[in-house]
Amino acid sequence: MNEFHYFDNAATTKICREALDEYVNISQNHMANPSALYSEGRQSKAILTSSREKIADYLGVKPSTLFFTSGASESISIVLSSLLWAKRSGEVIFSSIEHEAVSSFEGLLREKGWKVNYLGAKGGFVSPDELEARITPDTRLVAVMAVNNVLGTIQDIKSLVKVVREKEKEYGRSIFFFSDCVQALGKTGFSLSDLDVDGASFSAHKINGPRGAGLLYLKKGQIQVLSHAGGQEGGIRGGTENLPAIAAFAKAVESLKIWDEKKIHGFNTMMRLALADSKMKILSPDHDTSDYILSLSSPLPSEVAIRMMQDKGYLVSSGSACSNNARGKAEAVFRAAGLAPYAGGAIRVSFSCDNTEEEVRGLIQALKEL
Ligand code: PLP
């Protein structure tokens, strides 16, 4: 792996030294179950508590609103599954560029009598006006991701939530606003405390943390859950806590403070300028878009281009890293954004602070050679 230049950081990132050291430290020195009553157990519990506090501090929310999970997919699943158990079905509104972890619930929800409506995303952006027009007295939940994982577009969550809050007043009932914030955490000036969302999902392995740790933010705490097990995580997510991964997640979050956003902005600008007069088409919009993600389209089919890039030592993706039919999933995003003709040749480049300018120059050269 080391001989490759890794540009697929929206799919997953390399665990940082601080997080890895913490993972090993907790695994070896604090192996007791946080629920155990002896002193080692209490120490583990204290680590769990301080990890939650550190992340809450970074996000600017109360620790009691944060629940550790195995990853963002599980966080999303907890929220959307809760609808399946509701006494009465209603209507949900998803943006048409949601990650599969959200959109894959469509079938289950429909089976249970829910109506699933989609919001368009022309140019990669969801419009507050369209949301306003679509909400009905039956709408129970709206899900719009903060930053799209294929194009990198940053959604105007504040304005979208404002629309929902006004509709709540008009209809005299609550509407749950959920935002998948996986690709926003630590990037693009993201601040959870600025957004009045009811629920949000996060993932450790997208920010140089470990696999197997995620977070569910719930403004009001309670939600109908499927697995109660031992009542851990306030009953939201039962089961023995993955303490090494959780503590390492907190370390990764702390390390976000030293991320160099200017460096990433420089990489993005460099690529846009260098490829402007090439046969590559830049698909990611040049405004309100994360510097960390740059989608392009080459005249070659994605699979061929990605294999050729790999042969040159550069790892890039076709748009999304779902376990199967990744291209199909990214295609839905390109279609919604009005970029369908370019979907077949799509290449997603995603940066991390580990990348160097020299590597980016090499990447540009390799893309030009395609
Ligand atoms: N949401 C978005 C936007 C993602 O990019 C991903 C990762 O691919 C997920 C959710 C799922 O995250 P996890 O791998 O932690 O389940």
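Annotations for the structure displayed:
- Of all the listed residues (I175, I154, I207), the sole one being of a type in the set (V, I, T) and closer than 13 Å to L59 by Cβ is I207.
- Pair list, Cβ < 6 Å and 6+ apart or interchain, from region 56-73 residues that are over 13 Å from K219 (Cβ atoms) to residues that are within 16 Å of the ligand (Cβ to nearest atom) and of a type in the set (K, R): T69/R237
- For first residues located in region 93-104 and more than 8 Å from the ligand (Cβ to nearest atom), partners that are basic (K, R) and modelled with pLDDT of 95 or more and lie 6+ apart or on another chain with Cβ distances below 7 Å form the pairs I93/R134.
- Qualifying residue in region 32-48 (condition: of a type in the set (F, W, Y) and under 25 Å from L195 (Cβ atoms)): no
- Sole residue being within 16 Å of the ligand (Cβ to nearest atom) and over 28 Å from Y23 (Cα atoms), chosen from T153, T136: T153
- Candidate set: region 222-245, residues that are small (G, A, S) and touching a strand residue (DSSP E or B) at 6+ places or on another chain (Cβ under 9 Å); chosen: the one modelled with the lowest pLDDT: G234
- Among the residues listed as G107, G90, the single one being of a type outside the set (S, T, Y) and more than 18 Å from Y171 (Cβ to Cβ): G107
- Of the set (1) of a type in the set (S, T, N, Q); (2) closer than 27 Å to L119 by Cα; (3) within 16 Å of the ligand (Cβ to nearest atom), all apply to N208 but (2).
- Residue that is farthest from the ligand (Cβ to nearest atom), among those in region 49-92 that are in contact with a Gly (Cβ under 7 Å, 6 or more places away or on another chain) and under 20 Å from L195 (Cβ atoms): S64
- Residue list for region 112-136, filter: assigned to a loop (DSSP other than H, G, I, E, B) and polar (S, T, N, Q): S127, T136
- Checked against the criterion of being under 17 Å from the mean Cα position of the chain (by Cα) and more than 23 Å from M145 (Cα to Cα), region 19-29 has no qualifying residue.
- The residue pairs whose first member lies in region 1-27 and is basic (K, R), whose second member is within 15 Å of the ligand (Cβ to nearest atom) and not in a loop (DSSP other than H, G, I, E, B), and whose beta carbons are closer than 8 Å, counting only pairs six or more residues apart or on different chains, do not exist in this structure.
- Figure legend. Inter-residue proximity from region 78-92: first residues closer than 16 Å to T136 by Cα, second residues modelled with pLDDT under 95 and crowded, with 18+ Cβ neighbours inside 10 Å, beta-carbon distance below 8 Å, spacing 6+ or different chains. Indicated pairs: S89/L83; V92/L83.
- Against the list (1) outside any strand (DSSP E or B); (2) within 16 Å of the ligand (Cβ to nearest atom), the condition F178 fails is (1).
- Residues that are among the polar types (S, T, N, Q), over 27 Å from A32 (Cα atoms) and surrounded by fewer than 24 Cβ atoms within 10 Å (Cβ to Cβ) do occur in region 208-224.
- Of all residues in region 137-145, at least one satisfies being within 12 Å of the chain's Cα centre (by Cα), closer than 24 Å to A346 by Cβ, outside the structural domain of G338 (by TED's automatic domain parsing) and outside any strand (DSSP E or B).
- Selection count where residues are of a type in the set (D, E, K, R), modelled with pLDDT of 95 or more and either over 22 Å from N208 (Cβ atoms) or not assigned by TED's automatic domain parsing to the domain that holds P301 (or both), scope region 325-366: 2
- Hey, S89 assigned to a helix (DSSP H, G or I) and among the small types (G, A, S) or not: no
- Residue in region 183-197 that is within 11 Å of the ligand (Cβ to nearest atom), among the small types (G, A, S), surrounded by 15 or more Cβ atoms within 10 Å (Cβ to Cβ) and not in a loop (DSSP other than H, G, I, E, B) present: no
- S75 in a helix (DSSP H, G or I) and surrounded by 15 or more Cβ atoms within 10 Å (Cβ to Cβ): yes
The values are calculated or read from the model by the stated rules, or taken from the named source; none is laboratory data. These numbers were taken from a predicted model, which means no experiment stands behind them. FYI the Cβ positions are ideal-geometry reconstructions off the backbone, even for glycines, and counts take in every protein chain you see.
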